[in-house]
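Notes follow the structure.
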Amino acid sequence: MATLRNAIGSLVALAGVVAVVRSPFRPWYGDRRGKDYLVVDLFRADGVTGDHARLVSSLFAPMLITAIVTLMGLVLRSRLLVGLTGLVVLGLTVLWAVRQGQAAGSLTVGARGEGLNTGVAAAAAGGALLLLASVVMPRRPRHSGAFAPAPTPEPPPGAYDPYGPYSAPGPYDDPQEPYDTQPLPYPPPATPPPWPSPPPDTR
């Protein structure tokens, strides 16, 4: 189930990435494309200007960065990264709409491509797909015991471990004899007495 959800979430996220990257090459307001807007215009109090931007300084730059971060999130299976990129794309789209409304006085949607156009819709749809993908993707399992010490193996039944925590025998269930009564594995060496032995009797 988790594999299926991850596959579906990845497909939805990839569709969102394609929509986000292609949106600056479509008309955003009237016939003006998203790659013609300066990124700095989004942070000006008087709204967007009529200056044409280069590709690296246009709306294409943040859209491309969010797409790259989204792909990193898919590789890492991070719902957080994918969801954050969706919020960034939607935030940029809403901020652009606010600045465009300040410059034009109002926002309109015309049937002949006047006003808001397909580029805005593609960017908003891409951000929404990224948020949906972050919801569909399963949570990454937490490996809390990855750095935990390995458990101590228990000795087999019948084995005596004098240093084990639970292997000390009790007073009534000791299968072995006390140490002072156990037979030695070999006979003790014969030591001569400290006094001289008497001569043998030859009679």
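Round to a whole number: what % of the accessible area of segment 49-92 belongs to carbon and sulfur, probe 1.4 Å? Whole-percent figure for carbon plus sulfur exposure: 75.
In debye, nearest 20: dipole of segment 9-109 around its Cα centre with unit charges on the Cβ of K, R (+) and D, E (-)? Walk me through the numbers on the way to the answer.
Working: 10 positive and 5 negative charges, 60 e Å.
About 300 debye.
Run through segment 1-43 and list the trypsin sites (Lys or Arg not before Pro) located in a DSSP loop whose Cβ has at most 12 other Cβ atoms within 10 Å.
For trypsin sites (Lys or Arg not before Pro) across segment 1-43 that sit outside H, G, I, E and B with at most 12 neighbouring Cβ atoms in 10 Å, the list is empty.
Scale the Cα Rg of segment 51-126 by the rule-of-thumb value 2.2 N^0.38 Å and send over the ratio, two decimals.
Numbers: Rg = 14.5 Å, N = 76, 2.2 N^0.38 = 11.4 Å.
In units of the 2.2 N^0.38 Å rule of thumb, it is 1.27.
Annotation: amide H-H contacts under 5 Å for Arg33 (H modelled 1.01 Å from N, sequence separation of 5 or more, or interchain): Trp28.
For segment 1-55, the relative contact order works out to 22 percent when only alpha carbon pairs closer than 8 Å and six or more residues apart are counted. Gap in Å between the Cα centre of segment 71-106 and the Cα centre of segment 20-67? Here the answer is 13 Å between Cα centres.
Can you tell me the accessible area per residue over segment 1-139, all protein chains present, probe 1.4 angstrom, in square angstrom?
Numbers: 7310 Å² over 139 residues.
Computed with neighbouring chains in place, this is 53 Å² per residue.
The values are calculated or read from the model by the stated rules, or taken from the named source; none is laboratory data. Computed from a prediction, not measured in an experiment: that's the story for all the values here. Glycine also receives a Cβ, built like all others from the backbone with ideal geometry; neighbour counts cover every protein chain displayed. When the accessible area is computed, the model is the full protein with side chains, heavy atoms only, and any ligands, DNA or RNA have been set aside. Shrake-Rupley method; radii C 1.70, N 1.55, O 1.52, S 1.80 Å.
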